[in-house]
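First up is the structure itself, then whatever we jot down about it.
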Amino acid sequence: MKEQIYNQVCEILEEVIEKKKNIIDENTVLLGQGGIMDSLTITRFINKVESKFQVDIIEEDLELKCLETVGSLTEFLYDGGNK
């Protein structure tokens with residue numbers, strides 16, 4: 001189940017940033033210093049993830065810690081969107 005979530009997150013990320021999955025791993029930084037997304041891209045990414053997984057990321061994680069890396073987002077979604 002967790003691997004499926006990880007793969008789906010990577011697919012969405014790949015689509016949004018237009019990069020191949022082989023350069024994305026669980027340690028890929030999404031936001032902040034060294035992050036691969038700007039504010040417009042992260043907005044598109046969040047919308048797609050929320051739609052796919054039926055979660056409200058911002059409501060559940062006000063500090064957006066779940067968006068630090070691909071791995072942290074996978075854990076967040078695996079736990080059902082609960083911090």
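A few remarks follow.
- Cα-Cα P(r), the chain, percent of pairs per 5 Å interval: 3, 16, 30, 31, 16, 4, 0
- Inter-label distance for LYS2 and ASP38, nm, one decimal - labels placed 7 Å from Cα along Cα-to-Cβ: 3.5
- Partner aspartates and glutamates whose Cα lies under 16 Å from the Cα of LYS2, excluding those fewer than 8 positions away in the same chain, are identified as GLU11, ASP25, GLU26, GLU75, ASP79.
- Computed per residue of the chain from DSSP H runs no shorter than four, each worth -39500 (n - 2.57), the mean residue ellipticity at 222 nm is -16000 deg cm²/dmol.
- GNM result for the chain, Cα springs below 10 Å: residue of GLU14, GLU63, GLU26 fluctuating most strongly: GLU63
- Max mean-square fluctuation residue, GNM over the chain, Cα-Cα springs under 10 Å, options ILE36, ILE23, ILE46: ILE23
None of the figures in this text is laboratory data; all of them are computed from the coordinates on show. If you're wondering where the values come from, they're calculated on a predicted model, not measured in any experiment. Cβ coordinates were reconstructed from backbone atoms using ideal geometry, including for glycine residues, and neighbour counts include every protein chain displayed.
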